[in-house]
1. Which value at 222 nm does the chain reach when only helices count, each DSSP H run of 4 or more adding -39,500 (n - 2.57), with the total divided by all residues and rounded to the nearest 500 deg cm²/dmol?
2. Work through the residues other than HIS74 whose Cβ is under 15 Å from its Cβ and net out their charges, Lys, Arg +1 and Asp, Glu -1.
3. Give the span of the stretch 94-153's Cα atoms along each principal axis, as three whole-Å numbers ordered largest to smallest.
4. Between VAL153, VAL48, VAL67, find the one with the highest GNM mean-square fluctuation for the chain; connect C-alpha pairs within less than 10 Å.
5. Which order results if HIS130, HIS14, HIS74 are arranged by neighbouring Cβ count within 10 Å, fewest first?
6. With a 10 Å Cβ neighbour count serving as the proxy for reagent exposure, in which order, fewest first, do TYR173, TYR133 appear?
7. What is the chain's relative contact order, in percent, from Cα pairs under 8 angstrom and six or more apart in sequence?
8. For ILE171, ILE164, what ranking results if the residue with the fewest other Cβ atoms within 10 Å of its Cβ goes first?
Amino acid sequence: MNQLPGLAVLGAGHVGPVIARLAIKAGYPVAIATSGDPEDIALITELVIPGAQPRWASDAVADADLVVLAIPLHRFGDLDPNLLSGKVVVDAMNYWPASDGVLTAFEDGGSSQTVARRLSGSAVVKALNHIGYHELEGQARPVGAPDRRAAGVAGDDPAAVAAIADLVDRIGYDPVRLGRLRAGRVLQPGGPVFGVTLTRPEFERAVAEDARSLA
Ligand SMILES: NC(=O)c1ccc[n+]([C@@H]2O[C@H](COP(=O)([O-])OP(=O)(O)OC[C@H]3O[C@@H](n4cnc5c(N)ncnc54)[C@H](OP(=O)(O)O)[C@@H]3O)[C@@H](O)[C@H]2O)c1
């Protein structure tokens, strides 16, 4: 089997470790980082995400093909866009004014479009933001399972979308491609599939109207 692309998960809070564990189970080489010293997460990584490499964020990203942003949106401004240049970046973040505070740049429209404007050298794909961390692992199912759930993928770069749809599929969800990045708004808080896990037909029905108007 060909080696799967290397994955760097930025964020070791609630959802980052779950994404990392699922990716390791699927066979991806995975590094995980916070904004700080990897030594600080070495023990917890060994215990909670066995197989993941705790690294400095810059090193994890430099060696990765795919980077998952699993950090609070109000910390996004701390990231150097140059660090992420040339990478496929999964925006798993959501805008939560209650915890992020009011971020004017994210007040209107699709949060991933704002993320993508800042990361102009990266191929940004919105995915893995709409399922709660406590469900993401428990609801994962192998291909063909009758109760397999769907997960949305939206982006403007077809090769990047294909890579992330493949990731979503391999970690246990039917990927539903929503079209352009702007269509990823349906995955946001307040959107029709946020926080609910649906089978592919249910998901496609739920997003059909919004996605058509945004495609
Ligand atoms: N919780 C969920 O169920 C869920 C599900 C899907 C998506 N999301 C979205 O994912 C994002 C993270 O949510 P969460 O609940 O996992 O947050 P969280 O528990 O607060 O964890 C955030 C993590 O990000 C790290 N971090 C912050 N700034 C960083 C930086 N510049 N570089 C690298 N790491 C950094 C933090 O570590 P340090 O502070 O030590 O750097 C911490 O490990 C949010 O936007 C959320 O909406 C959450």
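No value in this document is a laboratory result; all are computed from the given coordinates. What you are looking at is a predicted structure, and each value in this text was computed from that prediction instead of being measured. All Cβ positions, glycine included, derive from the backbone under ideal geometry; neighbour counts span all protein chains shown.
1. Details: 8 runs with 72 residues, N = 215.
Computed ellipticity for the chain at 222 nm equals -9500 deg cm²/dmol.
2. On the way: positive: ARG75, ARG118; negative: ASP78, ASP91, ASP100, GLU107.
For residues surrounding HIS74, the net value is -2.
3. So the three principal-axis extents are 42, 29, 15 Å.
4. Highest fluctuation among the options: VAL48.
5. Numbers: HIS130 24, HIS14 12, HIS74 17.
Final ranking by Cβ density, sparse to dense: HIS14, HIS74, HIS130.
6. Values: TYR173 28, TYR133 16.
Ascending Cβ contact count within 10 Å gives the list TYR133, TYR173.
7. Working: 431 pairs, mean separation 34.7, N = 215.
Relative contact order of the chain: 16 percent.
8. Ordered by Cβ neighbours within 10 Å, fewest first: ILE171, ILE164.
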